[in-house]
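Worksheet for the structure shown next.
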Amino acid sequence: MKTLKRIVVIFAVITAFNCKGHTSSETVSEPKKELKTEKKMKVLFVLTSHDKLGDTGKKTGFWVEEFASPYYTLLDKGAAITIATPKGGAAPIDPSSDSPDAATEATERFNKDAEAKNKIANTKVLAAMNPDDFDAVFYPGGHGPLWDLTNDANSVALIEKFDRQNKPIAFVCHAPAVLKDVKNEDGSALVKGKQVTGFSNSEEAAVGLTEVVPLLLEDMLIENGALYSNADQWAPYAVQDGNLITGQNPASSELVAEKLLETLK
């Protein structure tokens, strides 16, 4: 009988030891934690393919600062940027924007950036772009867009789809001109009743191109019902109305980029 009691006691001790060992093992072995990664921002930049400044015999295109400043502002925050033009291939640079007088920190960085220059030389075709693949769209200015993107059906459809999806749509300087034929779902002008800015009539007069350009941006926006406003000539100025972001001139490029970045967060 005593032998039986000893066996029972020994068995109980062994069982208790094994249970404690098992519990200790569970405590030490913690479940693996999954690493959380932030979603990479995907932004589409749309540039002009037009390089003729009306009948002047001079060249135009996109304005480097209006591309470079937003490009690096977004790129440095981890954005993946795709560049498209109506025709695809090389996007023309306005020679005036590539002069020493127009140089900024961003343009100087661009001039040394082989990868960015390669993207400009090999842009995607705008018609092949799908808003579903991007989080936002940005249009730099320059006088070029006044001739091609204002009348581009693919551009109009693209902006309308971005807007329907409530994604940020941003434009600077002359680029708000591409909103000329963009509509809301009810058929009204997208800019109607919205706070917007863009290259002013006085700034166009100051560069001597009032009689050269196919339209005056300020007049067009007001005719379409926009609540247009502007600052002094060449002063940085940008406004946002919902998902619509606009900047007045080249000096406003960084402000537009900052508003776009904040909206994407």
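Scanning the stretch 60-78 for residues that are surrounded by fewer than 22 Cβ atoms within 10 Å (Cβ to Cβ) and without any contact (Cβ under 8 Å) to a residue 60 or more places away in the chain yields Tyr72, Leu75, Asp76, Gly78.
Among the residues of the stretch 187-215, those identified as surrounded by 14 or more Cβ atoms within 10 Å (Cβ to Cβ) and among the aliphatic types (A, V, I, L, M) are Ala189, Leu190, Val191, Val196, Leu209, Val212, Val213, Leu215.
With the structure loaded, tell me whether Asn184 is closer than 21 Å to Ser97 by Cα and either crowded, with 16+ Cβ neighbours inside 10 Å or not small (Gly, Ala, Ser) (or both) or whether it fails that test.
Working: closer than 21 Å to Ser97 by Cα: no; either crowded, with 16+ Cβ neighbours inside 10 Å or not small (Gly, Ala, Ser) (or both): yes.
Here the answer is no, as Asn184 does not meet what is asked.
Among all positions in the stretch 146-154, there is at least one residue which is over 23 Å from Val64 (Cα atoms), at pLDDT 95 or above and surrounded by fewer than 23 Cβ atoms within 10 Å (Cβ to Cβ).
Can we say Asp55 is part of a loop (DSSP other than H, G, I, E, B) and either modelled with pLDDT of 95 or more or closer than 20 Å to Cys173 by Cα (or both)?
Here the answer is yes, as Asp55 does meet what is asked.
Annotation: Gly225 fulfils all but one of (1) free of Cβ contacts under 8 Å to residues at least 60 places away in the same chain; (2) at positive phi; (3) out of contact with any Ser or Thr (no Cβ under 9 Å at 6 or more places or on another chain); the unmet one is (3). Ala170 falls short on exactly one of the conditions (1) in contact with a Ser or Thr (Cβ under 7 Å, 6 or more places away or on another chain); (2) closer than 24 Å to Thr197 by Cβ, and that condition is (1).
Applying a threshold of 8 Å to beta carbon distances and a minimum spacing of six or more residues, or different chains, the list of pairs starting in the stretch 170-192 at a residue that is more than 9 Å from Thr150 (Cβ to Cβ) and ending at one that is in a loop (DSSP other than H, G, I, E, B) and among the hydroxyl-bearing types (Ser, Thr, Tyr) reads Pro176/Thr197. Under the condition of being within 25 Å of Lys58 (Cα to Cα), in a helix (DSSP H, G or I), acidic (Asp, Glu) and touching a residue at least 24 places away in the same chain (Cβ under 8 Å), the residues counted in the stretch 80-139 number 1.
The single condition among (1) out of contact with any Phe, Trp or Tyr (no Cβ under 7 Å at 6 or more places or on another chain); (2) not in a helix (DSSP H, G or I) that Ser69 does not meet is (2).
Residue count for the stretch 39-61, restricted to those that are under 22 Å from Asp98 (Cβ atoms) and in contact with a helix residue (DSSP H, G or I) (Cβ under 6 Å, 6 or more places away or on another chain): 5.
The values are calculated or read from the model by the stated rules, or taken from the named source; none is laboratory data. If you're wondering where the values come from, they're calculated on a predicted model, not measured in any experiment. Cβ atoms come from the backbone with ideal geometry, glycine included; neighbour counts cover every protein chain shown.
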